[in-house]
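Working notes for the structure below.
The values are calculated or read from the model by the stated rules, or taken from the named source; none is laboratory data. Here the structure is a predicted model, which means the values were calculated and not measured. Every residue, glycine among them, receives a Cβ derived from its backbone with ideal geometry; neighbour counts consider all protein chains shown. Heavy atoms of the whole protein, side chains included, go into the accessibility calculation; ligands, DNA and RNA do not. Shrake-Rupley method; radii C 1.70, N 1.55, O 1.52, S 1.80 Å.
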Amino acid sequence: MGRKRTIDRGKVLDAAEAVVSKVGAAALTIDAVAKAAGITKGGVQYCFGTKGALIDAMLERWGEAYDAEVVQLTQGTPVSPIRAHLEATRKGDESSNAKAASLMSSLIQTPEHLASTRAWYKTRMADFDLSTEAGRRARIAFIATEGVFMLRFFGFMEISEQDWNAVFDDIQSFVLTEE
(Lines give C-alpha, C1' and ligand atoms only; values in the text may rest on other atoms or scores of the structure.)
Protein backbone atom coordinates (compact mmCIF):
# COMPACT_ATOMS: atom_id res chain seq x y z
CA MET A 1 0.00 0.00 0.00
CA GLY A 2 1.45 3.37 -1.05
CA ARG A 3 1.88 6.40 1.07
CA LYS A 4 -1.12 8.74 1.16
CA ARG A 5 -0.69 11.80 -1.04
CA THR A 6 -0.19 14.87 1.12
CA ILE A 7 0.58 17.44 -1.54
CA ASP A 8 -2.44 19.22 -2.99
CA ARG A 9 -2.08 19.32 -6.81
CA GLY A 10 -4.42 22.31 -6.97
CA LYS A 11 -2.20 24.31 -4.64
CA VAL A 12 0.86 23.39 -6.69
CA LEU A 13 -0.97 24.58 -9.82
CA ASP A 14 -1.87 27.80 -7.97
CA ALA A 15 1.82 28.26 -7.19
CA ALA A 16 2.77 27.63 -10.83
CA GLU A 17 0.21 30.21 -11.98
CA ALA A 18 1.61 32.66 -9.44
CA VAL A 19 5.11 32.17 -10.85
CA VAL A 20 3.84 32.79 -14.39
CA SER A 21 1.83 35.81 -13.24
CA LYS A 22 4.66 37.41 -11.26
CA VAL A 23 7.74 36.70 -13.37
CA GLY A 24 6.51 35.24 -16.65
CA ALA A 25 6.37 31.82 -18.22
CA ALA A 26 10.09 31.80 -19.02
CA ALA A 27 10.75 31.62 -15.26
CA LEU A 28 8.48 28.61 -14.80
CA THR A 29 10.71 25.88 -13.43
CA ILE A 30 10.14 22.99 -11.05
CA ASP A 31 12.37 24.80 -8.54
CA ALA A 32 10.44 28.10 -8.83
CA VAL A 33 7.12 26.30 -8.37
CA ALA A 34 8.47 24.36 -5.39
CA LYS A 35 9.61 27.58 -3.70
CA ALA A 36 6.28 29.30 -4.42
CA ALA A 37 4.35 26.30 -3.06
CA GLY A 38 6.60 25.88 -0.03
CA ILE A 39 7.47 22.28 -0.91
CA THR A 40 10.48 20.44 -2.29
CA LYS A 41 11.31 20.02 -5.97
CA GLY A 42 10.64 16.34 -5.40
CA GLY A 43 7.15 17.22 -4.19
CA VAL A 44 6.39 19.03 -7.45
CA GLN A 45 7.84 16.12 -9.42
CA TYR A 46 5.76 13.69 -7.36
CA CYS A 47 2.62 15.57 -8.41
CA PHE A 48 3.47 16.16 -12.08
CA GLY A 49 6.64 14.30 -13.01
CA THR A 50 8.02 16.84 -15.45
CA LYS A 51 7.76 20.51 -16.30
CA GLY A 52 5.91 19.48 -19.45
CA ALA A 53 3.30 17.61 -17.44
CA LEU A 54 2.96 20.64 -15.16
CA ILE A 55 2.37 22.90 -18.17
CA ASP A 56 -0.15 20.43 -19.59
CA ALA A 57 -1.99 20.42 -16.25
CA MET A 58 -2.03 24.22 -16.20
CA LEU A 59 -3.45 24.32 -19.72
CA GLU A 60 -6.02 21.67 -18.86
CA ARG A 61 -7.11 23.63 -15.81
CA TRP A 62 -7.34 26.84 -17.82
CA GLY A 63 -9.36 25.03 -20.52
CA GLU A 64 -11.75 23.55 -17.96
CA ALA A 65 -12.34 26.99 -16.43
CA TYR A 66 -12.99 28.43 -19.87
CA ASP A 67 -15.36 25.58 -20.79
CA ALA A 68 -17.27 26.06 -17.52
CA GLU A 69 -17.61 29.78 -18.26
CA VAL A 70 -18.97 29.07 -21.74
CA VAL A 71 -21.45 26.53 -20.36
CA GLN A 72 -22.59 29.04 -17.74
CA LEU A 73 -23.05 31.72 -20.40
CA THR A 74 -25.11 29.43 -22.64
CA GLN A 75 -27.21 27.64 -20.02
CA GLY A 76 -30.87 28.47 -20.28
CA THR A 77 -30.30 31.11 -22.96
CA PRO A 78 -30.29 31.18 -26.74
CA VAL A 79 -26.64 32.35 -26.71
CA SER A 80 -24.59 30.59 -29.38
CA PRO A 81 -21.22 29.05 -28.50
CA ILE A 82 -19.36 31.75 -30.47
CA ARG A 83 -21.15 34.52 -28.59
CA ALA A 84 -20.32 32.74 -25.34
CA HIS A 85 -16.66 32.52 -26.39
CA LEU A 86 -16.68 36.20 -27.21
CA GLU A 87 -18.22 37.12 -23.85
CA ALA A 88 -15.97 34.77 -21.87
CA THR A 89 -12.92 36.36 -23.48
CA ARG A 90 -14.25 39.89 -23.07
CA LYS A 91 -15.04 39.53 -19.39
CA GLY A 92 -12.06 37.38 -18.40
CA ASP A 93 -10.21 39.15 -15.63
CA GLU A 94 -6.91 40.75 -16.59
CA SER A 95 -4.88 38.53 -14.28
CA SER A 96 -6.30 35.29 -15.68
CA ASN A 97 -5.91 36.48 -19.25
CA ALA A 98 -2.34 37.62 -18.61
CA LYS A 99 -1.47 34.22 -17.09
CA ALA A 100 -3.00 32.42 -20.04
CA ALA A 101 -1.13 34.60 -22.54
CA SER A 102 2.13 34.18 -20.66
CA LEU A 103 1.72 30.43 -20.64
CA MET A 104 0.84 30.46 -24.33
CA SER A 105 3.97 32.46 -25.09
CA SER A 106 6.07 29.81 -23.37
CA LEU A 107 4.48 27.21 -25.63
CA ILE A 108 5.79 29.04 -28.65
CA GLN A 109 9.30 28.60 -27.22
CA THR A 110 8.72 24.88 -26.55
CA PRO A 111 6.84 23.36 -29.49
CA GLU A 112 6.54 19.97 -27.80
CA HIS A 113 3.90 21.53 -25.53
CA LEU A 114 1.78 22.85 -28.38
CA ALA A 115 -0.22 19.65 -28.96
CA SER A 116 -3.00 20.34 -26.46
CA THR A 117 -3.41 23.94 -27.60
CA ARG A 118 -3.48 22.89 -31.25
CA ALA A 119 -6.09 20.26 -30.41
CA TRP A 120 -8.19 22.87 -28.59
CA TYR A 121 -8.13 25.21 -31.60
CA LYS A 122 -8.78 22.35 -34.03
CA THR A 123 -11.87 21.36 -32.04
CA ARG A 124 -13.14 24.94 -31.97
CA MET A 125 -12.61 25.42 -35.70
CA ALA A 126 -14.40 22.13 -36.48
CA ASP A 127 -17.51 23.50 -34.77
CA PHE A 128 -18.16 26.00 -37.57
CA ASP A 129 -20.44 25.02 -40.45
CA LEU A 130 -18.54 26.71 -43.25
CA SER A 131 -21.23 25.85 -45.78
CA THR A 132 -23.36 28.64 -44.28
CA GLU A 133 -22.80 32.36 -44.06
CA ALA A 134 -23.52 32.25 -40.32
CA GLY A 135 -20.84 29.59 -39.86
CA ARG A 136 -18.30 31.63 -41.81
CA ARG A 137 -19.18 34.74 -39.78
CA ALA A 138 -18.80 32.75 -36.56
CA ARG A 139 -15.34 31.61 -37.69
CA ILE A 140 -14.31 35.21 -38.39
CA ALA A 141 -15.67 36.30 -35.00
CA PHE A 142 -13.67 33.53 -33.30
CA ILE A 143 -10.46 34.46 -35.11
CA ALA A 144 -11.01 38.18 -34.38
CA THR A 145 -11.61 37.41 -30.69
CA GLU A 146 -8.43 35.35 -30.46
CA GLY A 147 -6.51 38.00 -32.36
CA VAL A 148 -7.46 40.89 -30.10
CA PHE A 149 -6.75 38.71 -27.05
CA MET A 150 -3.25 37.94 -28.31
CA LEU A 151 -2.54 41.52 -29.37
CA ARG A 152 -3.42 42.81 -25.91
CA PHE A 153 -1.96 40.15 -23.67
CA PHE A 154 1.21 39.46 -25.63
CA GLY A 155 1.86 43.19 -25.34
CA PHE A 156 1.81 43.84 -29.09
CA MET A 157 -0.75 46.62 -28.59
CA GLU A 158 -1.86 48.63 -25.63
CA ILE A 159 -5.62 48.31 -25.56
CA SER A 160 -7.53 50.21 -22.91
CA GLU A 161 -10.54 48.65 -21.22
CA GLN A 162 -12.78 51.03 -23.19
CA ASP A 163 -11.20 50.03 -26.51
CA TRP A 164 -11.25 46.35 -25.50
CA ASN A 165 -15.02 46.50 -24.98
CA ALA A 166 -15.52 48.54 -28.16
CA VAL A 167 -13.71 45.86 -30.21
CA PHE A 168 -15.99 43.17 -28.79
CA ASP A 169 -19.04 45.32 -29.49
CA ASP A 170 -17.82 45.70 -33.08
CA ILE A 171 -17.29 41.96 -33.49
CA GLN A 172 -20.83 41.38 -32.31
CA SER A 173 -22.44 44.05 -34.43
CA PHE A 174 -20.35 43.78 -37.64
CA VAL A 175 -19.55 40.09 -37.80
CA LEU A 176 -22.31 38.32 -35.89
CA THR A 177 -25.16 40.28 -37.37
CA GLU A 178 -27.09 37.26 -38.63
CA GLU A 179 -26.46 34.08 -36.69
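Surface analysis of the range 1-59 yields an accessible area of 56 Å² per residue, using protein heavy atoms and a 1.4 Å probe.
Accessible area of Asp14 (1.4 Å probe, protein heavy atoms only, ligands and nucleic acids ignored): about 70 Å². Converting phi to 3J(HN,Hα) with the Karplus coefficients 6.51, -1.76 and 1.60 and the offset θ = phi - 60°, the range 56-62 yields 4, 5, 5, 5, 4, 4, 4 Hz in sequence order, with x at every glycine or proline. Among 141-152, 156-167, the peptide with the highest mean count of other Cβ atoms within 10 Å heads the list, and the full ranking is 141-152, 156-167.
A simple packing score, the average count of other Cβ atoms within 10 Å per residue, orders the peptides 130-138, 118-126 as 130-138, 118-126, with the highest score first.
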